[in-house]
Amino acid sequence: MSDQTPGTEQYAEWARQLAVNDAAALRGLFDAAYEPLWRSVMRLVNDESTARDLAQDAFVRIWDRRTTLDPSLSLRALLYRTVRNLALNHLRDEQTRRHLLEDPEAAGIAARPRDAASADKEMEASELALRLQQFIAELPPRQREALRLSRFDGLSHQEIADVMGCAPRTVNNHLVRALEQLRARLSTIGTVVSSLIVSAGAFP
Amino acid sequence: MSHTPSSRPLPPELLSELAQRPEGQELVQVWELLALADPVAGSPEASRVWERISAEISQGRPILTPSQPIRVLTPPMSGKAHLRSQPRWRQTAPWALAATLAVAVGLSAWQSRPVNITAPLGQQLAVNLPDGSTAELNAGSSIRYTRGFRRLGGLARGDRGVALDGEAYFTVVRQTRPFTVSTDEAKVTVLGTEFLVRAHRDELDGTRVAVQSGRVRVSANLAERESAVELGAGQGTFVARNAQAPDVVQDVGVDRLAAWRRGGFWLVDQPLSAIFRELERRYAVDIRLRDVVVGEERLSVYYPERPSIETILSDLCTRGGLRYSRTSRGFDISPQAERPVTP
């Protein structure tokens, strides 16, 4: 977990306060966790207002279950698990309702022509970003989920295990495999990558 | 590309695993490179979302729209005796008491008994529903709700369901659970939107639905086969009393249909008898017909600004060759010339 986010103790403290109906604890939890949570849902549903609704619903559900929270489970993991299930339900309903079988944006990325010219040293960082997003989207779902929760949401292995309902060891395996596959995909767009990493300054 | 978690350190478990692998350094590079691939854009609007959350967990708060003189009611949530049947809310009725009760009884005691709320004749009422949605009731209209609004731990599966007799304008908070309005003839299903439903048991011949924003789904209760229609903004439909399907979708002026929300009075293509009944509800008066036979003729009336009842009666009577006179409880309507009314 990164240093600017509240620690495990703070989350455990909020869980204890929530159990005794302390609405101020919900406010503290919200202030600390809402934005990252919203960003996390955004990656799943790709619609800001839906992401707001789902994140809102997740907090309300935590509040509804406040008296039966299991203190041994991370409140943060519970929050992410709740919102993840809500998002999956939403996506399923949405698909049934609107017969939207394909995310047009993802389709657009996939349809992008992969000519040699774009795999050039001049390739912009944004171009690379699009490729990376496409490669992430092509990962097996469990690997993709573990990667997003770890890399983008900054959840610990134990928290991810709680969200996904598996062992922390499995989380680690998912992450290693995901990184390996991404490396393999990146190598298909040329040796440019390692120099780009340097020029993009992402790698010290 | 804002807010990329560019400097997220490798989790320790992953780092020690990668350290044992020949290609570990490259995988670390991939991890770093992923900083580019977090494309979330948009606004989380935290303060607005927090407002909605507090509204939801406190079972709704008064909403006050200054332009509207409609009284706001946040019903107490326990099954108190005065709420079990249709309550008779009086002008200075125990608002303070009701509010205190709601707080005192608290969230935990919120029972899933049906709640019935009726806007008294001559008054309109804005009701805060437990999910943060609102129902503005026109005079003499009632709603009833129970299941679905209650969240029991994780068991919040049911629809948010409201039964309506009369006319109400709904502003529905978007949630993943559908919000439904049931009338004798029809069921209206939505996720989050604003729409009007009119379904007086004692008049019209069915249920009228008009949508201000969003999309709603309307189905007939008697439908044997799938016959629902979907309405978008500015569209309306009608489900007749014994119909097995809603009418063809039409464009409607929702602002006019819902003119009562701003004090207006608007009815389209109604028999005189229906207009009189609406006047009785809106102005809490008795209107008696003296030696008048109301024909089949249908009228449309539209008063955008808070008309007095006498303005409306005067216009109607002029048009129909009638006259009106005050009585202790309302008005008598009688033929214009041949039989003058003795007060």
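Assorted remarks:
- Single condition A:Ala33 does not satisfy, out of (1) closer than 12 Å to B:Ala46 by Cα; (2) within 9 Å of chain B (Cβ to nearest Cβ); (3) within 18 Å of the chain's Cα centre (by Cα): (2)
- Close contacts from region B:26-44, counting a first residue that is within 7 Å of another protein chain (Cβ to nearest Cβ) and free of Cβ contacts under 8 Å to residues at least 24 places away in the same chain and a second that is assigned to a helix (DSSP H, G or I) and among the acidic types (Asp, Glu), with Cβ to Cβ under 6 Å and a gap of 6+ residues or different chains, come to B:Gly42/A:Glu48; B:Pro44/A:Glu35.
- Condition check for B:Gln270: touching a residue at least 12 places away in the same chain (Cβ under 8 Å), of a type outside the set (A, V, I, L, M, F, W, C) and either over 30 Å from B:Gly214 (Cβ atoms) or touching a Ser or Thr at 6+ places or on another chain (Cβ under 7 Å) (or both): no
- Checking B:Ser227 against (1) within 26 Å of B:Leu121 (Cβ to Cβ); (2) in a loop (DSSP other than H, G, I, E, B), the condition it does not meet: (1)
- In region A:163-177, the qualifying residues are those that are under 19 Å from A:Arg43 (Cβ atoms) and more than 9 Å from every other protein chain (Cβ to nearest Cβ), and the one that is modelled with the highest pLDDT is A:His174.
- Listed by first and then second residue, the pairs linking a residue in region B:310-339 that is within 18 Å of B:Arg298 (Cβ to Cβ) to a residue that is among the charged types (D, E, K, R), with Cβ atoms under 9 Å apart and 6 or more places separating them unless they lie on different chains, are B:Cys317/B:Arg323; B:Gly320/B:Glu297; B:Ile333/B:Arg288; B:Ile333/B:Arg290; B:Ile333/B:Arg323.
- Candidate set from region A:178-204 (those that are crowded, with 20+ Cβ neighbours inside 10 Å and modelled with pLDDT of 90 or more); member that is farthest from the other protein chains (Cβ to nearest Cβ): A:Ala178
- Single residue of region A:51-76 satisfying the filter (more than 7 Å from chain B (Cβ to nearest Cβ) and among the β-branched types (Val, Ile, Thr)) that is nearest to B:Ala46 (Cα to Cα): A:Ile62
- The residue list B:Val181, B:Val197, B:Val211, B:Val239 contains one member that is crowded, with 18+ Cβ neighbours inside 10 Å, more than 14 Å from the chain's Cα centre (by Cα), at pLDDT 85 or above and assigned to a strand (DSSP E or B), which is B:Val239.
- For A:Pro6, the conditions (1) outside any helix (DSSP H, G or I); (2) within 12 Å of chain B (Cβ to nearest Cβ) are fulfilled apart from (2).
- Filter result (part of a helix (DSSP H, G or I) and either facing another protein chain (nearest Cβ under 7 Å) or at positive phi (or both)) within region B:4-17: B:Glu13, B:Leu14, B:Glu17
- So A:Trp38, is it outside any loop (DSSP other than H, G, I, E, B) and either more than 11 Å from chain B (Cβ to nearest Cβ) or modelled with pLDDT of 90 or more (or both): yes
- Residue in region A:76-87 that is without any contact (Cβ under 8 Å) to a residue 24 or more places away in the chain and not small (Gly, Ala, Ser) present: yes
- Filter result (of a type in the set (D, E, K, R) and either part of a helix (DSSP H, G or I) or modelled with pLDDT of 90 or more (or both)) within region A:47-92: A:Glu48, A:Arg52, A:Asp53, A:Asp57, A:Arg61, A:Asp64, A:Arg66, A:Arg76, A:Arg81, A:Arg84, A:Arg92
The values are calculated or read from the model by the stated rules, or taken from the named source; none is laboratory data. Since the structure is predicted, the reported quantities are computational estimates derived from the model, not experimental observations. Virtual Cβ from ideal backbone geometry, glycine too; neighbours counted across all protein chains shown.
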